[in-house]
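Take a look at the structure set out below.
The values are calculated or read from the model by the stated rules, or taken from the named source; none is laboratory data. This is a predicted model, so every value here is computed, not measured. We place every Cβ from the backbone using ideal geometry, glycine too, and count neighbours over all the protein chains shown.
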Amino acid sequence: MAATSAWWIERVLPHVATRQSVMTVPWKRRWLLARHPELASGVHTVALRTIDRWCAAAAGAPKTGRTGAVTATQRFSSALNLKLHFHCIFLDGIYTRGADDDAQAVIQQASLLGQAVLGDRAGKRARRAQVLGGKELALPPRCASFAGYSLHAGVGFKASDRAGLERLCRYILRPPLAKDRLQRHDDGNDLSGSCRRERSVAR
């Protein structure tokens with residue numbers, strides 16, 4: 001965990017603004033995707049391509065603009081229940097060969113502030129909505145949901161906040177359970193106590 005985090009910070013992620021996007025999958029798909037890693041990989045690939053294309057189109061560079069990302073796949077929640085989800089750290093902007101540095105700064109600033117970059121709504125807050133029980137409800141900032149899939153991109157870091165970015169890397173790379181929470185019982189089960197005073201059994 002610590003070694004991989006350090007590698008990402010020192011060798012992989014450039015000194016630019018970054019943003020975390022957390023994608024969860026529908027309940028009815030979690031068991032299937034957990035059992036078939038190739039399907040989970042396919043869902044992850046589609047999500048990355050979709051976000052990449054959306055960012056490029058929003059920046060007005062659909063053919064040449066690209067972003068970048070690293071991903072940590074988590075299969076469990078803190079209660080050890082099956083919860084397949086992806087933590088992706090994206091470069092918070094679009095990059096092209098020979099791009100204007102001033103234009104790039106405008107794109108990064110708008111992304112951090114949740115504003116539109118181009119079009120009639122340039123500089124205005126992005127519109128977000130979802131339907132629940134037939135009623136339209138406002139989503140939290142930088143969140144979206146569709147057909148049971150959800151995306152949360154509310155955590156971002158400035159290019160200068162490398163310490164904060166490394167803490168995020170350590171968080172998303174953590175194991176599902178700390179070893180000091182495991183206890184071996186006489187019946188051969190490994191039991192773990194959670195913060196809610198519940199117990200999960202793993203055989």
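For (1) among the polar types (S, T, N, Q); (2) over 19 Å from F146 (Cβ atoms), each residue gets a yes or a no:
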position	(1), (2)
R11	no, yes
V25	no, no
H44	no, no
A47	no, no
S77	yes, yes
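Can you tell me which residue among P26, P37 is over 17 Å from I172 (Cβ atoms) and touching a residue at least 60 places away in the same chain (Cβ under 8 Å)? Spell out the reasoning first.
Working: P37 fails: touching a residue at least 60 places away in the same chain (Cβ under 8 Å).
Answer to the check: P26.
Suppose we filter the stretch 40-61 for residues that are more than 14 Å from the chain's Cα centre (by Cα) and closer than 19 Å to I172 by Cβ; how many remain?
Result for the stretch 40-61: 2.
What tally of residues in the stretch 138-173 results from selecting those that are surrounded by 14 or more Cβ atoms within 10 Å (Cβ to Cβ) and closer than 29 Å to W27 by Cα?
Of the residues in the stretch 138-173, 18 are surrounded by 14 or more Cβ atoms within 10 Å (Cβ to Cβ) and closer than 29 Å to W27 by Cα.
Look through the stretch 138-152, keep the residues that are assigned to a strand (DSSP E or B) and among the aliphatic types (A, V, I, L, M), and return whichever of them is modelled with the lowest pLDDT.
Step one: of the stretch 138-152, the residues assigned to a strand (DSSP E or B) are 143-146, 149-152.
Narrowing further to those that are among the aliphatic types (A, V, I, L, M): 144, 151.
On the way: A144: 81, L151: 85.
Ranking the qualifying residues of the stretch 138-152, first place goes to A144.
Test L191 against the stated conditions and say whether it is aliphatic (A, V, I, L, M) and at pLDDT 65 or above. Working first, answer last.
Details: aliphatic (A, V, I, L, M): yes; at pLDDT 65 or above: no.
No: the conditions fail for L191.
Somewhere in the stretch 62-78, is a residue crowded, with 19+ Cβ neighbours inside 10 Å, modelled with pLDDT under 85, within 18 Å of the chain's Cα centre (by Cα) and of a type in the set (V, I, T)?
Checked against the condition, which is being crowded, with 19+ Cβ neighbours inside 10 Å, modelled with pLDDT under 85, within 18 Å of the chain's Cα centre (by Cα) and of a type in the set (V, I, T), the stretch 62-78 yields no hits at all.
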